[in-house]
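Undergrad: Submitted below is the structure of interest, expressed as structure tokens.
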Amino acid sequence: MRRAFHPPCVSALLSILASAGCSGTTGQGFFVVADAGDGVFHIDGSVNPGSGADATHFLPPSGDAGSGTGEAGTTVTTIYANTDDSLYSLDPMNNNVALIGMFSGLGGGSGDDSITDCAVNAAGDVYVNSESVVYRATLPAGAGTVALTKVASIALQSSQKFYALAFAPAGVLGTTEALVGGDGNGELWSIDTTTGATRDLGSFGPNPSDSKDILALSGDIVFYSVGGVATGIATIRSCKSGGGSCTESDDYLAGIDMTALENAYSSGTPAPSLLSGIYGGSTGSTGQGTGFGELFGLGVWEGSVFAFGRSESSNPPNLVSINTASGGATLISSAFNFTDGWSGAGVSTTTTVTIGAPPPIK
């Protein structure tokens, strides 16, 4: 049921932890675990994750627009993450990841029976998608379900399935924020939220370390602005040319070429490469990679980047931190026992980010 090239989103979930005053020794980061099966993940040393299906334990997001003000006037952004059937939030003021509720209102049927990713716009509105439909999510005021309202059926190409979702800041793909999705072929597409019409924006081009391979979207995309300049990052992986097998054990953290993205949208011609560079890479080389594969959720907060691994095989879902200098990743926690694993994540386009641009590789 999962993607050929990529799975969804679960983003800056833990990204906020760094800004919330939680720190650990270098290379260890934080421990994300649950408390007595109550669906709330605490940052401490215990290991007893919740089942992810108990909607009676709810931690409300901070602020009705996905943000609030913390200590010393620090702006706090709510981070959302999802499994196939439930939505979670991270409250950076108390470092708890909590179940908001299970999704209700999915259309059902093939391609529309589970949620593959989520996205948050500048206003803090949460959107989610299945492989074929975009929904707007209404969060409960307390314990309860997350009601889904259909926005549009995605205009699919032959055998196409959508897994990634994110909002591009206003001014990139038109004058307003625009929804961008990633499909199982590793391509990015703009999605019209009124009609569901899609426009091919391109992929990540040839692998500079191996001309026989290509680079394709692996798991997730995140857009934000730095100093008023729209920026994007993604987790990508190496695949055989023509859509063959892909590396499932070593994703790269890459920068998205926003100029190429914008040109592809305005011209209607997919970009031959949306790659602006790879963190830890260099001219003609992708670098060491993260050392972790199937990173389906991506999050960023200030100077920290976090990714969530689906790990559908014998390994449990995991959460890692990515070093933007080396490109390598360090395991934070694999203490999750969701039966369906992490699927996606989302954070507002107004998230404060201080990481630099990746070195170009071409």
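Undergrad: Let me check against my output: what whole-number percent is the relative contact order of segment 291-362, with C-alpha pairs under 8 Å and at least 6 apart? Intermediate results must be reported in sequence, preceding the final value.
TA: Values: 130 pairs, mean separation 22.8, N = 72.
Reported relative contact order: 32 percent.
Undergrad: At a Förster radius of 35 Å, what calculated FRET efficiency corresponds to the Cβ-Cβ distance of SER285 and ALA141, to the nearest 0.05? List each step's numbers first, then the result.
TA: Details: r = 51 Å, r/R0 = 1.46.
FRET efficiency, SER285 to ALA141: 0.10.
Undergrad: Here is a follow-up. Per-residue counts of other Cβ atoms within 10 Å, averaged by peptide: what ranking do you get for 211-218, 324-331, highest first? Can you show the working numbers first?
TA: Details: 211-218: 22.9, 324-331: 17.6.
Descending packing order for the listed peptides: 211-218, 324-331.
Undergrad: Here's a follow-up. For LYS362, list the lysines whose Cα falls under 23 Å from its own Cα; do not include residues on the same chain fewer than 8 positions away.
TA: Straight-line reach from LYS362, under 23 Å: LYS212, LYS240.
Undergrad: Turning to a different aspect of this structure: Listed highest first by mean packing, meaning other Cβ atoms within 10 Å per residue, what order do 140-153, 348-361 come in?
TA: Details: 140-153: 15.5, 348-361: 18.3.
Ranked by mean Cβ neighbours within 10 Å, highest first: 348-361, 140-153.
Undergrad: Kirkwood hydrodynamic radius, computed over distinct alpha-carbon pairs, for segment 272-362: how many Å, to one decimal?
TA: Averaging 1/r across every pair of different Cα atoms and inverting gives 14.2 Å.
Undergrad: Mind giving me the FRET efficiency for THR194 and LYS240? R0 is 45 Å, r the Cβ-Cβ distance, nearest 0.05 is fine.
TA: Working: r = 37 Å, r/R0 = 0.82.
Once the sixth-power term is evaluated, E becomes 0.75.
Undergrad: How large is log10 I(q)/I(0) at q = 0.16 Å⁻¹ when the Debye formula is applied to the Cα atoms of segment 188-310, each weighted equally and without solvent?
TA: Listed by q, the Debye log ratios stand at -0.79.
Undergrad: Using Cα pairs closer than 8 Å and at least 6 residues apart in sequence, work out the relative contact order for segment 135-208, in percent.
TA: On the way: 120 pairs, mean separation 16.7, N = 74.
Relative contact order here is 23 percent.
Undergrad: Quick one: dipole size for segment 98-169, taken about the Cα centre, charges +1 on Lys/Arg Cβ and -1 on Asp/Glu Cβ, in debye to the nearest 20. Please list the in-between numbers first.
TA: On the way: 3 positive and 5 negative charges, 19 e Å.
Charge dipole of segment 98-169: 80 debye, to the nearest 20.
Undergrad: Can you compute the modelled spin-label distance between LEU156 and VAL229, with each label point 7 Å from Cα toward Cβ, in nm?
TA: 3.9
Undergrad: To continue, here is another question. Between SER209, LEU173, ASN263, whose Cα lies farthest towards the positive end of the dipole of segment 172-318 when Lys and Arg beta carbons carry +1 and Asp and Glu beta carbons carry -1, centred on the Cα centre?
TA: Farthest along the dipole direction, towards plus: SER209.
Undergrad: Which order do peptides 170-178, 231-239 fall in by mean Cβ count within 10 Å, highest first?
TA: Working: 170-178: 17.4, 231-239: 26.4.
Output ranking for 170-178, 231-239: 231-239, 170-178.
Undergrad: For ASN263 and LYS212 in the same chain, what is the full-extension length gain: residue separation times 0.36 nm, less their Cα-Cα distance, in nm?
TA: Values: separation 51, 0.36 × 51 = 18.36 nm, distance 2.65 nm.
Value of the extension gain: 15.7 nm.
Undergrad: Sticking with this one: When only C-alpha pairs under 8 Å and at least 6 residues apart count, what is the relative contact order of segment 185-268, in percent? Please report the intermediate quantities before stating the final value.
TA: Working: 145 pairs, mean separation 20.7, N = 84.
About 25 percent, as a whole number.
Bear in mind that the values in this text are calculations on the coordinates, not laboratory data. These figures come from a predicted structure and were not determined experimentally. Don't worry about glycine lacking a Cβ; one is built from the backbone with ideal geometry, like all the others, and counts go over all protein chains shown.
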